[in-house]
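Worksheet for the structure shown next.
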Amino acid sequence: MSSINFENLNKIPEIINKLNTLESKVSGSKRWLNVNETAHYLGYSKDYIHKLKSSSFILGKHYHKKSGKLLFDKLELDNWVTFSSDTKDAIDIVNEVLKDLL
């Protein structure tokens, strides 16, 4: 680890400014996204988000309905993107469970 010398003291305001910028970006990150924000975040159209809501997303996990609005959980969307290639769609899972029960 290098020591701080007097020649670099003039860089302290720049470092503080960068830390403040990073802090505001981290604290300003939203967890709950509406349909438009979800479409933008995932890079899909709004129509495709509604299709995913019907076929792949699970109510109460990936999204919630509050006062007539759909709110998508950004953390669960990240998990879905990361792991969706290794898992089946929610409807396929439900259909298999129901088939086994009947």
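The values are calculated or read from the model by the stated rules, or taken from the named source; none is laboratory data. Small disclaimer: the values here were computed from a predicted structure and weren't measured. Quick reminder, even Gly has a Cβ in these numbers, built from the backbone with ideal geometry, and neighbours come from all protein chains shown.
Worth pointing out:
- Where Ile49 falls short, out of the listed (1) modelled with pLDDT of 95 or more; (2) touching a Lys or Arg at 6+ places or on another chain (Cβ under 8 Å); (3) among the aliphatic types (A, V, I, L, M): (2)
- Residue match in the range 21-39 (condition: assigned to a helix (DSSP H, G or I), among the hydrophobic types (A, V, I, L, M, F, W, C), modelled with pLDDT under 85 and more than 13 Å from the chain's Cα centre (by Cα)): yes
- With respect to the conditions (1) modelled with pLDDT under 95; (2) in a helix (DSSP H, G or I); (3) more than 18 Å from the chain's Cα centre (by Cα), Ser85 falls short on a single one, namely (3).
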